[in-house]
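K.L.:
Before I ask anything, here is the structure I am working with.
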Amino acid sequence: ADATAFSYMLGGHPMYQLNFPAAAKSWLYDGLASAQAGTPVWSQLESGLSGGRHRAEIAYDFINKVRVSDYSTGDIFNIDNAVYADNGTAIPFELQTRHVTDNFDPMMVNRLFVDFETGVGLVTGQGSNPQVMLQVSDDGGHSWGNEHWTTIGQIGRYSTRAEWYRLGYSPDFVFKLRVTDPVKRIIAGAAMDTASTVRW
């Protein structure tokens, strides 16, 4: 009953944002990505690293820029897909995979690699050596193991590859990736080495 919504264009993508103030949640629908994938593509939006709803409440287009109002202060901000911070606070990026199985037969994951767009580090400060965190669930996403961190490449280091080794033995894996540095986050693909290579 208390939901609010707005829409805008971002880099050729029609976007539709839903805010639920009472639940402190925000969701974003990507119209172009949904059409390309053949299934609805939604992302949960948060402002800051502590979670909670997204700051944007009302949007409008002014001089070819999308402007949004902050629901708590009334301040006006630009939405820019080349900026990875909310008013100076890094925006977390998190991806959780689907279940990865081999007909639910137990398998050993010897290596996992994720092809990020690399070499995207900033010159100084947070993000000068951007990191990605991996957590592995070997029970289908019910519980998560330790955090495993690796780099996605300092500025100009384009040959960097995010990879992890000896990730365990299970019939049903789920992987979670998280980046909190204010840098570009593009994933081109991923694969893992087991007895055979499984792609997701």
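The values are calculated or read from the model by the stated rules, or taken from the named source; none is laboratory data. Remember, it's a predicted structure, so these values are computed and weren't measured experimentally. Here the Cβ is made from the backbone with ideal geometry for all residues, glycine too, and neighbour counts use every protein chain on show. Side chains included, ligands, DNA and RNA excluded: accessible areas come from the protein's heavy atoms. Shrake-Rupley method; radii C 1.70, N 1.55, O 1.52, S 1.80 Å.
K.L.:
How would you classify the range 1-93 from its alpha-carbon gyration tensor, with a ≥ b ≥ c the square roots of the eigenvalues: rounded for a/c under 1.5, else prolate if a/b is greater than b/c, otherwise oblate?
P.N.:
It comes out rounded by the Cα gyration axes.
K.L.:
Additional query: Run lengths n ≥ 4 of DSSP H only: what is the helix-derived mean residue ellipticity at 222 nm for the chain, with -39500 (n - 2.57) per run over all residues, to the nearest 500?
P.N.:
-1000 deg cm²/dmol
K.L.:
Follow-up question, since we're still on this one. Determine, for each peptide in 120-127, 77-84, the mean count of other beta carbons within 10 angstrom over its residues, then list the peptides with the highest first.
P.N.:
120-127, 77-84
K.L.:
Would you mind checking which residues have amide H under 5 Å from ALA162's amide H? H placed 1.01 Å from N; only 5 or more apart, or other chain.
P.N.:
VAL114, PHE116
K.L.:
If the chain between GLN36 and ILE187 were fully stretched, how many nm would it gain, using 0.36 nm times the residue separation less the Cα-Cα distance?
P.N.:
52.7 nm
K.L.:
Sticking with this one: Return the sequence-ordered ³J(HN,Hα) values of the range 131-139 in whole Hz as given by the Karplus equation 6.51 cos²θ - 1.76 cosθ + 1.60 applied to θ = phi - 60°, using x for Gly and Pro.
P.N.:
With the stated coefficients, the range 131-139 comes to 10, 10, 9, 10, 10, 10, 10, 9, 10 Hz.
K.L.:
Then there is this: Arrange the peptides 178-185, 165-172, 31-38 so that the one whose residues have, on average, the most other Cβ atoms within 10 Å appears first.
P.N.:
178-185, 165-172, 31-38
K.L.:
So, one more: Along the Cα→Cβ direction, 7 angstrom out, place labels at TYR169 and TYR60. What is the inter-label distance in nm?
P.N.:
A separation of 6.4 nm, rounded to one decimal place.
K.L.:
Which whole-Hz couplings ³J(HN,Hα) result when phi for each residue of the range 5-17 is put into the Karplus expression 6.51 cos²θ - 1.76 cosθ + 1.60, θ = phi - 60°, listed in order with x for Gly and Pro?
P.N.:
3J(HN,Hα) across the range 5-17, in whole Hz: 8, 7, 9, 6, 9, 9, x, x, 9, x, 10, 9, 10.
K.L.:
In whole Hz, what ³J(HN,Hα) sequence does the range 159-174 give by Karplus (6.51, -1.76, 1.60; θ = phi - 60°), x for Gly and Pro?
P.N.:
Ordered by residue, 3J(HN,Hα) equals 8, 5, 10, 7, 8, 9, 10, 6, 9, x, 9, 6, x, 8, 9, 9 Hz.
K.L.:
Continuing with this model, one more query. Quick one: grab Rg to one decimal and Dmax as a whole number for the chain, Cα atoms only, in Å.
P.N.:
18.7, 57
K.L.:
Taking H placed 1.01 Å from N in the peptide plane, check which residues at least 5 places from LEU45 or on another chain put their amide H under 5 Å from its amide H.
P.N.:
Counting only residues 5 or more places away or on other chains, the set is SER26, TRP27, LEU28.
K.L.:
Can you return the lysines within cross-link range of LYS25? Criterion is Cα-Cα under 22 Å, with same-chain partners fewer than 8 residues away left out.
P.N.:
Result set, ordered by chain and number: LYS176.
K.L.:
With only alpha-carbon atoms counted, please give the Rg and Dmax of the range 112-200, in Å.
P.N.:
Reported Rg and Dmax, both Å: 13.8, 43.
K.L.:
In the range 78-200, what percent of the accessible surface is made up of carbon and sulfur (1.4 Å probe, ligands and nucleic acids excluded)?
P.N.:
In the range 78-200, the share of accessible area belonging to carbon and sulfur is 46 percent.
K.L.:
Starting from the Cα of ARG178, step 7 Å toward the Cβ, then list every residue of the range 87-111 with an amide N under 12 Å from that point.
P.N.:
Hits in the range 87-111 for ARG178 at 12 Å: 92-96.
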